[in-house]
1. Looking for something in contact (Cβ under 8 Å) with a residue 24 or more places away in the chain, open to solvent by 60 Å² or more (accessible area, probe 1.4 Å) and part of a helix (DSSP H, G or I) - is there at least one such residue anywhere in the stretch 26-35?
2. Of the residues in the stretch 3-24, how many are over 12 Å from the mean Cα position of the chain (by Cα) and open to solvent by less than 80 Å² (accessible area, probe 1.4 Å)?
3. Taking the condition touching a residue at least 12 places away in the same chain (Cβ under 8 Å), acidic (D, E) and surrounded by fewer than 10 Cβ atoms within 10 Å (Cβ to Cβ), does E56 pass?
4. If the Cβ limit is 9 Å and pairs must be 6+ apart or interchain, which residue in the stretch 4-22 that is within 15 Å of K43 (Cβ to Cβ) and of a type outside the set (A, V, I, L, M, F, W, C) pairs with which residue that is part of a helix (DSSP H, G or I) and open to solvent by 100 Å² or more (accessible area, probe 1.4 Å)?
Amino acid sequence: MDEIETIRLIGVLRQEHRDLDDAIDALIFAPANDQLQIARLKKRKLKLKDEIAALEDQLIPDIIA
């Protein structure tokens, strides 16, 4: 995967991360919230955060000291 594709993928993952934030907020404030669904969404959100961090690390060149 080249740098441009990696940057695009990071953008897509960040958007999905924000969408999950909105979905979690909507579920939390719903009259009959589903705690299991909220937990699953939060877990997915953390996984996305890790994926984004890993991709961003690929973009940073290794520095030999």
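1. no
2. 3
3. So E56 fails the test.
4. Note: pairs meeting the criteria are H17/K49.
The values are calculated or read from the model by the stated rules, or taken from the named source; none is laboratory data. Here the structure is a predicted model, which means the values were calculated and not measured. Ideal geometry is used to build each Cβ from the backbone, glycine not excepted, and the neighbour counts take in all protein chains shown. Just so you know, the surface numbers come from the protein's heavy atoms only, side chains and all, with ligands and any DNA or RNA stripped out. Shrake-Rupley method; radii C 1.70, N 1.55, O 1.52, S 1.80 Å.
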